[in-house]
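Down below is the structure, laid out as structure tokens.
The values are calculated or read from the model by the stated rules, or taken from the named source; none is laboratory data. These figures come from a predicted structure and were not determined experimentally. Heads up, the Cβs are rebuilt from the backbone with ideal geometry, glycines too, and the neighbour counts pull from every protein chain shown. Each accessible area value is taken on the protein alone, full model and side chains, heavy atoms only, with ligands, DNA and RNA left out. Shrake-Rupley method; radii C 1.70, N 1.55, O 1.52, S 1.80 Å.
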Amino acid sequence: MSGDPKPSGRRDAAGFFIAAGLLAFAVLISWDASNHGAGPAYSRIGPAAAAYAVAAGLAVIGAASLLAAWRGEAPERETFDLLPVILILVGLAGQIAAIAFGGGFILGATVLFAATARAFGRKALIADAAIGFTLSFLVYLMFTKLLSLSLPQGPFERLF
């Protein structure tokens, strides 16, 4: 496979930066978890347990990345395409705008779904919008009717 690591003997600078970022996040999460305070007196597991587990996982992945960068075992990198990133950002901005200007959750999530599908290479915008509308409608019903949570109201949400 083309993504398999191939030892090149060269140190991987990008791998070092990625490893440093992962290890920095692990330290930051651990520091934040240490400020949560003590858990309940009847339980040994407090609110910081999940944060410490995430920090430990990040530390392990960071250490493995550091080792791979040191050995020069980085997989071959793919080319970077900016268009999908822009499409997803436009979808997020569309969702924010739809919610902020009264379009509601369903319309905002539909816009985000269609833009993200396009970013992943789908060309059927109408079909993607219909799928996004259906999924966001089902999510809206689940959150509002089953879980009794409120989501931003818009014209579609007012029908139910």
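Our estimate of slack between A97 and L141, defined as 0.36 nm per intervening residue step minus the Cα-Cα distance, is 13.7 nm. Taking the 1.4 Å solvent-accessible surface of the chain as the whole, the part contributed by carbon and sulfur is 72%.
Other residues lying with their Cβ under 11 Å from the Cβ of D12 contribute a combined charge of +3, Lys and Arg counting +1, Asp and Glu -1.
Packing-based ranking of 96-108, 145-157, 65-77 yields 96-108, 65-77, 145-157, ordered from highest to lowest mean Cβ neighbour count within 10 Å. When the helices of the chain are scored as -39500 (n - 2.57) per DSSP H run of n ≥ 4 and the total is divided over every residue, the value at 222 nm lands at -21000 deg cm²/dmol.
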